[in-house]
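Below is one structure; the comments refer to it alone.
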Amino acid sequence: MKIGIISAMDLEIHPLIERLAPVQVFEYLERKFYVSKQGIHQFVLLCSGQGKTNSSIFTQVLLDKFSPDLVLNIGICGGISSNSSLSDIYLGKKYYHYDIRKKQSQLKFPYQLFYEADKEAIHLFSKHDSSLKIGTFGTGEGFVTTHKQRSSLINDFHIDCVDMESASIAQCCFLNKISFLSIRIVSDKANSQAVNIGEMEQKKLMLKIFNLICLIYQID
């Protein structure tokens, strides 16, 4: 299987690239794509940069240039539901653009209120670790930091976690008919302290996702 893995920040993917060495490096639109063969799987890894535009552009480049069977999005997120705790790992089941009106999502192309993850991918990961949570992701530009924002997202979309890329990547995969799953770890509670989480803490959290991927795909 050929698996694309995309993150928004370097710290969310480069330690995994190092574990998958040796890699071939390709460059498109000033972004590097790292290709590694591990047993029966081939991995294509990249850091898209943050936000909806970057993630959409480079997901499409990934699909056009490398034709993966599955795309995984990995990274940190803000946990907003009462069930979310720091360092929880979530598998996204549904992905909403929370900064677009529901009616606009449903009545304008591509006529989707939300996008869904690949069920087989969810099953593959969840059967290996019963502590993984399955939830709904909300994507928007910028940080969620207030109680009013959190309450609105929970009431309107039943969102568990927020990020800035997953729904855009899910939409791109949906249009290209490619399987998708986002795997995120809660780094903050989407409050006023969210912007103060340091890189060292983020790197420690991401190790849990790297280890999970290596376990699932039997990477030494």
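Values computed for the structure shown
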{"item": "Long-range neighbours under 7 Å by Cβ, at least six apart or interchain, first residue among the basic types (Lys, Arg) within segment 82-99, second open to solvent by 60 Å² or more (accessible area, probe 1.4 Å) and part of a strand (DSSP E or B)", "result": "LYS93/GLU116; LYS93/ILE134; LYS94/GLU116"}
{"item": "Qualifying residues in segment 10-48 (those that are more than 19 Å from PHE180 (Cβ to Cβ) and touching a residue at least 40 places away in the same chain (Cβ under 8 Å)) - the one most open to solvent (accessible area, probe 1.4 Å)", "result": "ARG19"}
{"item": "Segment 39-68: number of residues that are acidic (Asp, Glu) and in contact with a Cys (Cβ under 8 Å, 6 or more places away or on another chain)", "result": "0"}
{"item": "Filter result (in contact with a helix residue (DSSP H, G or I) (Cβ under 8 Å, 6 or more places away or on another chain) and either open to solvent by less than 10 Å² (accessible area, probe 1.4 Å) or modelled with pLDDT under 95 (or both)) within segment 169-185", "result": "ILE169, CYS173, PHE180, LEU181, SER182, ILE183, ARG184, ILE185"}
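The values are calculated or read from the model by the stated rules, or taken from the named source; none is laboratory data. In this text, all values refer to a predicted model and were calculated from it rather than measured experimentally. Heads up, the Cβs are rebuilt from the backbone with ideal geometry, glycines too, and the neighbour counts pull from every protein chain shown. These area figures cover heavy atoms from the full protein model, side chains too; ligands, DNA and RNA do not enter into them. Shrake-Rupley method; radii C 1.70, N 1.55, O 1.52, S 1.80 Å.
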